[in-house]
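The structure appears below as structure tokens.
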Amino acid sequence: MVAKTSAQSTSPGSSKVVSKNKKIKDIAVDTSSGSMAYNRFEMQVSQTLHMAIELFDSLDYLLVLDYYDDIALFDDEKKPEVVSYYQMKTNEESISISTAISEDWLVKMYAQLEHPEWLVKELGLITNCPLKVTVKINGADGKNKNQTKTYTAEKTPFSKFNPITIDKIKHDIAQKKGISPEDVDLTKFVHIRTTLSIPKHHEIVEQELGDFLHKKYPRITMDVVKTIFGAMLDILTKRQQYELLAENALYNEVREKKGITKCDFSRVIEEAIVISIPPFDEIQRVAGLSDDDKYKASFEYTKIMSDSQSKIESFSNIFIKIRKLCSNYRKNSDECVWQYVNRLCDRLYKDNFIIESIYNRMYICILTICILINEMRRV
């Protein structure tokens, strides 16, 4: 598949660009709107993480930031067939549908329907505030009066708007696109009121992430939650800020440089859980350390903490080897935890004799207990 903008279309699997008429070029999809307001730029990242959490159990998604639109949601990362496009707008109080019309937000969203590569499921206007729809009506006294309805629901299809507003939107799009109002299809348009707020969007989505992770992993610690949150924000921000893609970039390149998938999210969670280092008192309790071993263990624990934070390759390699051993050789019912981790250490040294000259037995045993504790937290 090929990346697309409203000024161009491309054939799947090809980088050839087919120019369209000037009307379409004049109404280019707003792919840079997020960078025009820094706060909205940050809120797009939070909103994308919010969507990644919300859709985790129902869709093998790909979310793309600031390329096809502010946010694009694909139904599958490898062979997408369905896509939804979203523009995000923020305001301290409210946003009116008249503003959406005059600023060309809606006609730019409508332009997404002109691309045949994927089936469009939804065209969403996401706001952090209520959406106001105002129409003029004749009062009992014969004078025109403004009647305003405020939409605050989580999702409101445009079909729920009054007929006057629907007609106004259709005529505006028709005029700007050079088509008949009867040909304008608004069935895919929705307004979405996000749960995020301008001043606290980071705090809100971090709380959502914490609730999500605690349901899946009841024993997960707050430190691990914060690690996952920080990693996801970092990845999403880098995806959003990447600006070196051409307008006609291939889909796979867009996926790599501008996208985040469910698999990416799962990997961040998995790595944060298994590589996190539990508190020493928990290790001491699980291991049942003697007084003589506590001092040696605390010294090796400090080294493990340093190695894990520096993320050196040798630490990652030894971590993976020990975790594999834990999976292949289970604890016997007649042995305590300390006997078990020492048995694993013997096996590790036997299969990888060089490791013994680099990592002493206490280091390996304490690291193994860290892995065992983290595996228990995943249950």
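Here is how the numbers come out for the structure above:
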read-out	value
Filtered residue count, region 221-260, keeping only those that are open to solvent by less than 10 Å² (accessible area, probe 1.4 Å) and under 16 Å from residue 69 (Cβ atoms)	8
Test: residue in region 321-342 that is surrounded by fewer than 16 Cβ atoms within 10 Å (Cβ to Cβ), within 33 Å of the chain's Cα centre (by Cα), assigned to a helix (DSSP H, G or I) and among the polar types (S, T, N, Q)	yes
Verdict on residue 73 being within 19 Å of residue 245 (Cβ to Cβ) and within 9 Å of the chain's Cα centre (by Cα)	no
Condition met for residue 252 (over 30 Å from residue 152 (Cβ atoms), outside any helix (DSSP H, G or I), more than 14 Å from the chain's Cα centre (by Cα) and of a type in the set (S, T, N, Q))	no
Qualifying residue in region 127-150 (condition: among the β-branched types (Val, Ile, Thr) and either under 23 Å from the mean Cα position of the chain (by Cα) or assigned to a helix (DSSP H, G or I) (or both))	yes
Hey, residue 303 of a type in the set (D, E, K, R), closer than 24 Å to residue 270 by Cα and more than 33 Å from the chain's Cα centre (by Cα) or not	yes
Filter result for the condition that a residue is at pLDDT 85 or above, open to solvent by less than 60 Å² (accessible area, probe 1.4 Å) and in a loop (DSSP other than H, G, I, E, B), over 283, 304, 277	277
Selected residue (criterion: modelled with the lowest pLDDT) from residues of region 307-322 that are touching a Phe, Trp or Tyr at 6+ places or on another chain (Cβ under 7 Å) and within 11 Å of residue 277 (Cα to Cα)	308
Failed condition for residue 346, given (1) at pLDDT 95 or above; (2) open to solvent by less than 40 Å² (accessible area, probe 1.4 Å)	(2)
Single residue of 205, 254 found to be in contact with a His (Cβ under 7 Å, 6 or more places away or on another chain) and modelled with pLDDT of 95 or more	205
Tabulated pairs, region 216-239, first of a type in the set (Phe, Trp, Tyr), second open to solvent by 60 Å² or more (accessible area, probe 1.4 Å) and modelled with pLDDT under 90, C-beta under 6 angstrom, 6+ apart or interchain	217/378
From the options 75, 69, 30, residue that is touching a helix residue (DSSP H, G or I) at 6+ places or on another chain (Cβ under 8 Å), among the acidic types (Asp, Glu) and modelled with pLDDT of 95 or more	69
Of all residues in region 162-216 being open to solvent by less than 40 Å² (accessible area, probe 1.4 Å), among the hydrophobic types (A, V, I, L, M, F, W, C) and part of a loop (DSSP other than H, G, I, E, B), the one that is farthest from residue 377 (Cα to Cα)	184
Residue list for region 57-92, filter: under 24 Å from residue 267 (Cβ atoms) and of a type in the set (Lys, Arg)	78, 79
Of residues in region 80-119 being within 22 Å of residue 262 (Cα to Cα) and under 19 Å from the mean Cα position of the chain (by Cα), the one most open to solvent (accessible area, probe 1.4 Å)	82
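The values are calculated or read from the model by the stated rules, or taken from the named source; none is laboratory data. Keep in mind that what you see is a predicted model, and the values were worked out from it rather than measured. FYI the Cβ positions are ideal-geometry reconstructions off the backbone, even for glycines, and counts take in every protein chain you see. Only protein heavy atoms, including side chains, enter the accessible area calculation; ligands, DNA and RNA are left aside. Shrake-Rupley method; radii C 1.70, N 1.55, O 1.52, S 1.80 Å.
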